[in-house]
Every structure is written in C-alpha cells, then in structure tokens.
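For reference, the structure discussed in these notes is given below.
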Amino acid sequence: MSKKLTADDARQSLSAHVAARGAEIFEKYGPRPGWNELLRLLEDRGCVRYPCTVAFDAGPLQAGECAWPKPKGDRPEDGFVICIHPVFMTQLDRAAHLALYQLVVVNYGEFATAEDAEIFGAAALGMSREQYYEGLCEMADLIGK
C-alpha cells in the first residue's frame, strides 16, 4: 500500500524545488547576481518559466509594496512585467533582489508563498534566508519613508 501525499508533503517538495532552482541560478549567474545578470536570467527559460520584463513603475504597486509581477494578459504564457518601485532605479542590485523574490510567483503562480520566495531569493544570491529577509525589510522601509 502506498502512502498518500499530504499538503505538508507538497509544501516541503515545493520548498525543496525552489531552493534547488535558486541554487542553479547562483551557480549559473554567479555570486550575488546583480542587474546585468538579472536581465540575462529573465531571458533564460530554464530558470524563468514565462517571459518577463522589468519596469520601474509604482502605479500597480500597493502601498508599501516594493515590487510585483503584473501579468501581461490572462494566461501566464502572455508574460509578466515585474514592476519595481522607482526608488530602486538608482539601486539596481537591490532591484535585482526584489525581482528574484517575484520570480517565484512567475514560475509557480498561486502555489508560491512568501516563504518560497525567500528560500528562492536567498539561494539565488548565495545567502541565508534570514539575510535575504532582512535585506527585503530594509528595502520595504525605504518605500515606507
């Protein structure tokens, strides 16, 4: 008799998968991938499932939000615009960190959680989840001011 998979099993499996994908990005795009690496990454269908562009546009963002992947159409295949708050236009490495967080939503849709995004971003940047989260909090504080 085979064991039935539980929701917790699925959650752990997704977390392990996003960590592995993040580690692949780290290996492929180097330690601490910045803006130029992000632009190449967005074209890499092995890492980013659907077409993405980046715009420094706060219009679609909610209050206090740093970034969000705005769908270009009704289907994920239509692609996304990763909208990043314009305050980060002069901080492109930080903008890249924000975009990495959003790529989990692009790749996994509604199944992705904030925890998955932190795991993915941290692995892609070669840092601990806590370090990545602290960096995200610092960036959110910039928006709140």
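The numbers here are math on the coordinates, done by the rules we state, and not lab data. Remember, predicted model here, so these are calculated numbers, not experimental data.
State which helices in the chain qualify, where a helix is a whole DSSP H run, it must extend 18 Å or more along its own axis by its Cα atoms, and its mean Kyte-Doolittle hydropathy must be at least 0.5. Mind dumping the intermediate values first?
On the way: long enough: 7-29 (33 Å, -0.47); 92-108 (24 Å, 0.73); 129-144 (22 Å, -0.44).
Helices meeting the span and hydropathy rule in the chain are 92-108.
With N residues in the stretch 16-144, what two-decimal value do you get for its Cα radius of gyration over 2.2 N^0.38 Å? Each step should come with its number before you reach the end.
Working: Rg = 13.2 Å, N = 129, 2.2 N^0.38 = 13.9 Å.
For the stretch 16-144, the normalised Cα radius of gyration is 0.95.
How much mean residue ellipticity at 222 nm does the chain get from its helices, if each DSSP H run of length 4 or more adds -39500 (n - 2.57) and you divide by all residues, to the nearest 500 deg cm²/dmol? Show your work: numbers first, answer last.
Numbers: 5 runs with 76 residues, N = 145.
Using -39500 (n - 2.57) per qualifying helix, the result is -17000 deg cm²/dmol.
Looking at the chain, how many pairs of lysines come closer than 30 Å at the Cα, when each pair is eight or more places apart or spans two chains? Walk me through the intermediate numbers first.
Numbers: Lys28/Lys70; Lys28/Lys72; Lys70/Lys145; Lys72/Lys145.
Close lysine pairs under the 30 Å cut-off: 4.
Pull up the DSSP beta bridges for the stretch 16-144 and report the antiparallel fraction as a percent, rounded to 5. Each step should come with its number before you reach the end.
On the way: 5 of 10 bridges.
So the antiparallel bridges in the stretch 16-144 amount to around 50 percent.
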